[in-house]
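No lab work stands behind these numbers, since they all come straight from the coordinates. It should be emphasised that the depicted structure is a prediction, and the values quoted were computed from it without experimental measurement. FYI the Cβ positions are ideal-geometry reconstructions off the backbone, even for glycines, and counts take in every protein chain you see.
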Amino acid sequence: MQRRPLSARTGSTLRLSSEQTQSIVAATHAVAGARAVVKLFGFRLDDQARGGDIDLLVEVPDPVDQAACLAARITASLQRALGDRKVDVLLVHPHTQPQPVHLEAQRQGVLLK
């Protein structure tokens with residue numbers, strides 16, 4: 001798997017292929033809408049780590065009535081697209097009550113395009 005550069009400032013790489021990244025963004029947009037922003041966070045940003053699930057922060061611009069249901073639908077779509085890999089989706093919308101995990105994911109998250 002060819003790793004994608006993360007950023008010039010860190011010199012790290014995403015531990016995802018370009019194809020996986022494209023699949024993640026496309027599957028998320030298909031479920032949550034084209035305005036959804038997808039960020040990778042967690043161990044997939046650590047070049048020294050091995051394996052690990054794919055932790056994603058999905059930010060949607062409009063309020064969501066059933067956020068847990070939407071997050072589950074995104075997760076299921078991603079698992080189908082990625083061959084049943086373990087994916088954790090953290091969904092944030094305008095009415096989300098920020099928790100420490102949200103703040104940390106926003107701080108370290110890397111935008112997937």
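All other residues with a Cβ under 11 Å from the Cβ of Leu57 taken together, and with Lys, Arg as +1 and Asp, Glu as -1, what is their net charge?
Summing Lys and Arg as +1 and Asp and Glu as -1 gives -2.
As a test of understanding, state the convex hull volume per residue of the range 4-111 from its alpha carbons, in Å³.
Working: hull volume 10.8 nm³, N = 108.
Expressed per residue, the convex hull around the Cα atoms of the range 4-111 is 100 Å³.
Quote the relative contact order of the range 4-111 in percent (integer), defining contacts as alpha-carbon pairs under 8 Å separated by 6+ residues.
Working: 169 pairs, mean separation 30.7, N = 108.
It rounds to 28 percent for the range 4-111.
Work through the residues other than Asp88 whose Cβ is under 11 Å from its Cβ and net out their charges, Lys, Arg +1 and Asp, Glu -1. Spell out each step's value before the answer.
Numbers: positive: Arg44, Arg85, Lys86; negative: Asp53, Asp55.
Summing Lys and Arg as +1 and Asp and Glu as -1 gives +1.
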